[in-house]
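What follows is a single structure, written as structure tokens, with notes after it.
The values are calculated or read from the model by the stated rules, or taken from the named source; none is laboratory data. In this text the structure is predicted, and so the values were computed from the model without any measurement. Heads up, the Cβs are rebuilt from the backbone with ideal geometry, glycines too, and the neighbour counts pull from every protein chain shown. When the accessible area is computed, the model is the full protein with side chains, heavy atoms only, and any ligands, DNA or RNA have been set aside. Shrake-Rupley method; radii C 1.70, N 1.55, O 1.52, S 1.80 Å.
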Amino acid sequence: MSARAPLKLALLISGRGSNMTAILRAALAQEIAAHPAIVISDRVSAAGLASARELGVAAAAWRGEARQGTFEEMLLATLEEVQPEAIALAGFMRILSPAVVTRYLGRMLNIHPSLLPAYRGLHTHARVLAAGDTEHGASVHFVIPELDAGPVILQSKVAVLPADTEAALAARVLATEHVIYPRVIDWLGTGRLVWRAGAPWLDGRRLETPIVEDFRAASVGG
Ligand code: GRF
């Protein structure tokens, strides 16, 4: 256990929020060194908002007419109020402006469902199947202004099976996301992971290549 206070975390979502839920549960159970201060969605209909509230975590989203300003203005005002130490994008589908990303550089993480740098962008599972790849996975990375291009910290690797559908493959990858994302947040919270001179460092060493956790023989999720 670390003596420092848990990392004050804001989570940004757009949809069901299963990664968010995995992070909130791990944090609330004190399995990871994070304190979820707020969940923010750019969609009022995001199912994850209710899941957050059920777990006792404040959740915010704004209807277009409810407040003045753009989503980013409301987001920045809320972050200014809450003062999180780190921000986790978890199924957050909006591209943030370089100004926002730069402001939180080294403090903002994302999870992307591919073995980056392969398959940036959308529909990764379908593209992996179409390409006939035998391996796939997910990547937790620091966010930089270029989309899905920030330094990767930890990846999960899964097998692509001959009978895989897009949904089956997505579910296999998602179960590993719920393992690796809380872990990276814990590394940040304990101070094992830091951002220094424009790069991630883990345990005092610059991460030149991502750490890869191989789930091909494992059974996760369910
Ligand atoms: C996940 O596959 C994540 O990698 C991607 O969007 C999906 C979000 O799922 N960025 P959920 O909302 O966390 O369930």
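For the reader, a short list of remarks on this structure follows.
- Positive minus negative residues near P117 (Lys, Arg vs Asp, Glu; Cβ under 15 Å): -2
- At the residue level, Y104 shows approximately 10 square angstrom of accessible surface with a 1.4 angstrom probe and all protein chains present.
- For the chain, the longest principal axis of the Cα atoms and the long axis of helix 18-28 meet at an angle of about 60 degrees.
- Two-site label geometry, R25 and R196: point separation in nm, points 7 Å out along Cα→Cβ: 3.5 nm
- Kirkwood estimate for region 108-222, i.e. one over the average of 1/r between Cα atoms, Å: 14.4 Å
- P(r) tail, region 107-175: Cα-Cα pairs separated by more than 13 Å, 59% of all pairs.
- DSSP bridge pairs, the chain: antiparallel proportion in percent, nearest 5: 45 percent
- Mean Cβ neighbour count within 10 Å, used as a protection proxy, ranking 108-114, 41-47, 163-169 highest first: 108-114, 41-47, 163-169
- Chain lengthening between A50 and R16 when straightened (0.36 nm per residue, less Cα-Cα): 11.3 nm
- Per-residue 3J(HN,Hα) values for region 166-181, derived from phi via the Karplus relation 6.51 cos²θ - 1.76 cosθ + 1.60 with θ = phi - 60°, read 4, 5, 5, 5, 4, 5, 5, 5, 4, 4, 6, 4, 5, 8, 7, 5 Hz in sequence order (x marks Gly and Pro).
- Overall form of region 17-171 per C-alpha gyration tensor (a/c, 1.5; a/b vs b/c): prolate
- For R127, neighbours were defined as the other residues whose beta-carbon sits under 15 Å from its Cβ, and their charges (Lys and Arg +1, Asp and Glu -1) total -4.
- Once backbone amide H atoms are built at 1.01 Å from N, M93 has S14 as its partners under 5 Å, excluding neighbours fewer than 5 places away on the same chain.
- Region 1-62 and region 158-222 have Cα centres lying 18 Å from one another.
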